[in-house]
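**Student:** Can you read through this structure? Questions will come right after.
The values are calculated or read from the model by the stated rules, or taken from the named source; none is laboratory data. Since this is a predicted model, take the numbers as computed values, not measurements. Positions of Cβ are generated from backbone atoms using ideal geometry, with glycine treated the same way; all protein chains shown enter the neighbour counts.
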Amino acid sequence: MNLEELRQDIMSQQKKGLPYIIGSVIIWALIAIVSALDLPVMTRNMLTFCCACPLLPIAWVTGKLLKVDIFSKQNPLGNLGFLFTMNQILYLLIVMWVYGAVPDKMVMVYAMVFGAHLLPYSWLYKSKAYMIFAIAIPFIALALGLMFNSLIISCSMIAIEIVFVILLFQELK
């Protein structure tokens, strides 16, 4: 297979990463719940980090429902997708710094990092939705984060991710 055939195959095989994006709706809902709790900001922020932990099992279950093997090794571009995800872990160091330095802005920065890490997937999945949301999410999160608290940001992320899921389903048609 040539590169274009591999990209077409992974888009179809992985359904453009839908299990992960659907999982992110749930993760942002968990973050919204944590943001609504009457706890010290440092405790809420620590719990926010914990909210991301179930992403892989949620994506796996969602993948089963969508008939997607999220661990498939059939296409070598799957390793590239994994590398794109690992890139976000490096960005999380920035979020960890914000956790201590500017705790009230951690969810904003977390949302910005989440959005920005989606950009390489626009190439992998030939997706305008990924490109648009990878650019829009950091700007939206910044604007909302400068004006509102983490609950507003996380609730906005839920809405944004739902629209993203709908657009990915449309791209798959």
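**Student:** Taking the range 1-19, which residues are in contact with a Gly (Cβ under 9 Å, 6 or more places away or on another chain) and without any contact (Cβ under 8 Å) to a residue 60 or more places away in the chain?
**Tutor:** P19
**Student:** When the residues of the range 125-173 are narrowed to those that are surrounded by fewer than 21 Cβ atoms within 10 Å (Cβ to Cβ) and charged (D, E, K, R), which ends up modelled with the lowest pLDDT?
**Tutor:** Ranking the candidates gives K173 first.
**Student:** Next question, about the same structure. If you scan the range 88-122, which residues turn out to be touching a residue at least 60 places away in the same chain (Cβ under 8 Å) and of a type in the set (F, W, Y)?
**Tutor:** Narrowing the range 88-122 to residues touching a residue at least 60 places away in the same chain (Cβ under 8 Å): 103-104, 106-107, 110, 114, 121.
Y110, F114, Y121 - these are the residues of the range 88-122 that are touching a residue at least 60 places away in the same chain (Cβ under 8 Å) and of a type in the set (F, W, Y).
**Student:** Still on this structure: Being touching a residue at least 40 places away in the same chain (Cβ under 8 Å) and charged (D, E, K, R) is the filter here; which residues of the range 29-66 pass it?
**Tutor:** Passing the criteria: only R44.
**Student:** Now a separate question. Which of the residues that make up the range 125-151 are farther than 20 Å from E171 by Cβ and assigned to a helix (DSSP H, G or I)?
**Tutor:** Result: P138, F139, I140, A141, L142, A143, L144, G145, L146, M147, S150, L151.
**Student:** Another question about this same structure. Restricting attention to the range 67-76, does a residue exist that is in contact (Cβ under 8 Å) with a residue 12 or more places away in the chain, surrounded by 11 or more Cβ atoms within 10 Å (Cβ to Cβ), among the β-branched types (V, I, T) and in a helix (DSSP H, G or I)?
**Tutor:** no
**Student:** May I ask you to verify whether Q88 is touching a His at 6+ places or on another chain (Cβ under 8 Å), under 19 Å from S122 (Cβ atoms) and modelled with pLDDT under 95?
**Tutor:** Yes; evaluated as a whole, the condition is true for this residue.
**Student:** Specify which of the listed residues (S122, S154) is within 27 Å of V34 (Cα to Cα), part of a helix (DSSP H, G or I), in contact with a Phe, Trp or Tyr (Cβ under 6 Å, 6 or more places away or on another chain) and among the polar types (S, T, N, Q).
**Tutor:** Every option except S154 fails the conditions.
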